[in-house]
1. What's the carbon and sulfur percent of the chain's accessible surface, probe 1.4 angstrom, rounded to a whole number?
2. Once you have the Cα-Cα distance between THR56 and SER17, take 0.36 nm times their residue separation minus that, and quote the gain in nm to one decimal.
3. At each listed q (0.13 Å⁻¹), what is the log10 of I(q)/I(0) that the Debye formula gives for the chain modelled as equal alpha-carbon point scatterers?
4. With every protein chain left in place, what is the accessible area per residue of the chain in square angstrom, probe 1.4 Å?
5. Between PRO87, PRO14, PRO41, where does the largest GNM mean-square fluctuation fall for the chain, given springs only between Cα atoms within less than 10 Å?
6. When only alpha-carbon atoms count, how far does region 53-97 stretch along each of its three principal axes, as whole angstroms with the largest first?
7. Within region 68-93, find all residues whose amide N lies under 14 Å from a label point positioned 7 Å from the Cα of SER117 along Cα-to-beta-carbon.
Amino acid sequence: QVQLVESGGGLVQPGGSLTLSCAASRSICSIGTMGWYRQAPGKSRELVARITNGGTTSYGDSVKDRFTISRDNAKNTVYLRMNNLNPEDTAVYSCNRGGVLGPFPYWGQGTPVTVSS
């Protein structure tokens with residue numbers, strides 16, 4: 001079982017930026033495609049961005065052109081740069097496997113992001 005530890009969340013004003021990090025306890029190359037997910041209060045979890053081992057990225061429509069996912073395979077870490085944040089981005093953000101097999105059946109603690117003035 002891989003341990004996933006997310007960090008970097010916090011309170012930010014609308015229009016602000018944050019960078020989230022996700023450190024894995026084992027090789028993310030062996031996991032393959034990694035993804036960032038978020039769960040807003042009262043809503044189901046959604047995949048917002050994913051990145052393959054080769055660096056190919058894809059994004060949900062609501063975050064396209066504002067969020068950037070990246071990975072450092074040597075550090076077993078995945079990042080999510082979030083720009084131009086708005087209140088609708090408020091959620092707990094978590095990382096997990098992001099490929100066709102779907103996420104692992106276990107999750108880290110996530111990192112909360114609150115966008116508010």
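1. 49 percent
2. 11.8 nm
3. -0.43
4. Roughly 50 Å² per residue, with all protein chains present.
5. With Cα springs under 10 Å in the chain, the top fluctuation among PRO87, PRO14, PRO41 is at PRO41.
6. 34, 20, 17
7. Under cut-off, by backbone N: 85-88.
The values are calculated or read from the model by the stated rules, or taken from the named source; none is laboratory data. This is a predicted model, so every value here is computed, not measured. Ideal geometry is used to build each Cβ from the backbone, glycine not excepted, and the neighbour counts take in all protein chains shown. Accessible surface areas use protein heavy atoms only, side chains included; no ligands, DNA or RNA. Shrake-Rupley method; radii C 1.70, N 1.55, O 1.52, S 1.80 Å.
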